Protein chains: 2
Amino acid sequence: MSKEIDAVEWRSVCPMCSALDVIGDRWSLLIVRDLLIHGKRTYSDFLAFPEKISTNILASRLDLLTRLKLIERINPKGNARNNAFQLTESGKALRTVLEGLGKWAHTHLRDFHGGIAKIS
Amino acid sequence: MSKEIDAVEWRSVCPMCSALDVIGDRWSLLIVRDLLIHGKRTYSDFLAFPEKISTNILASRLDLLTRLKLIERINPKGNARNNAFQLTESGKALRTVLEGLGKWAHTHLRDFHGGIAKIS
DNA sequence: CCGCATCCGTTACGATACTG
DNA sequence: CAGTATCGTAACGGATGCGG
């Protein structure tokens, strides 16, 4: 049976809010982060996150990010096995935002976080 | 009975991930957005969001953001009534991130969003 | 094995009613 | 006005199954 996942529901016309409608969750940007660092990643690469994403969440995020064209399969027609994902131009455009977030956390979350690491 | 809200649970030592542990949800950054624009806002100002945040979510976010020192009450010892919030330095430091997010959405989410508006 | 989908218990969210 | 209590719903998270 074909999976039918609903479209994103936009809460308002504010672009910032629309960004949060899409990537305002705890996992989507971590997937983008990994792709920014490594260029391409497979399903099992993502599963090896130190943050331990579960399989159903990963699958749904990959699907959503694909439909929004932030990521894409490297070999769209190929077999799913060992097929990797990479960022589209839209996904790559998140680099400065992600870097800004990381720097912000590194500077301003220090006092609340015992073992915060260097910026990766 | 006194409200006891747990601390943030940090998934990893990655700063970017820690940022998402804190503001990786659909509402926190919208509160920051409003404070960046208006300087200070009351509880009812936030409730007037076009995105329609509900009262319990708003209260819990304001509490969390306060404990993380991203926002603070203007008159900490005063009565709650008509008491407004403003950003701390940590909160203000999110401006560039927020602006980046807005620009990104405006550019890359156009095709998926019927009525996306100008950058506010 | 790898890439998911499914089941299921738990947690977060969201709408609404209510209190000081 | 500024929250809190309640409760139904949706999302999450872990375990497991299953096709290729």
From fewest to most C-beta neighbours within 10 Å, the residues B:R33, A:R26 line up as A:R26, B:R33
Fewest-first ordering of B:I31, A:I53 by Cβ atoms within 10 Å yields A:I53, B:I31
Length gained, A:E89-A:H38, 0.36 nm per residue minus C-alpha separation, equals 16.8 nm
Residue separation between B:T107 and B:V13 times 0.36 nm, minus their alpha-carbon distance, gives in nm 30.7 nm
The rounded separation in angstrom of the Cα centers of region A:21-91 and region B:53-114 is 28 Å
Flagged as over-length at 23 Å C-alpha distance, from A:K40/B:K92; A:K103/B:K52; B:K69/B:K103; A:K40/A:K69, the pairs are A:K40/B:K92; A:K103/B:K52; B:K69/B:K103
The local net charge around B:R11, scoring Lys/Arg +1 and Asp/Glu -1 for residues other than B:R11 whose Cβ lies under 9 Å from its Cβ, equals -1
Cβ density ranking, 10 Å radius, fewest first, applied to B:L101, A:L98 yields A:L98, B:L101
Whole-number value, in Å³ per residue, for the convex hull of the alpha carbons of region B:61-115 is 114 Å³
Cα pairs beyond 18 Å in chain A, in percent, come to 57 percent
Computed on Cα atoms, the radius of gyration and Dmax of the protein assembly as shown in angstrom are 18.5, 64
Partner shielding of B:30-37, as the mean number of partner chain Cβ atoms within 10 Å, equals 2
Summing -39500 (n - 2.57) over every DSSP H run of at least 4 in the protein assembly as shown, dividing by its residue total and rounding to the nearest 500, the 222 nm mean residue ellipticity is -13500 deg cm²/dmol
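Laboratory data are not the source of any read-out in this text; all were calculated from the coordinates shown. A quick note: this is a predicted structure, and the numbers were derived from the prediction, not measured. Note that we place each Cβ from the backbone using ideal geometry, even for glycine, and neighbour counts take in every protein chain shown.
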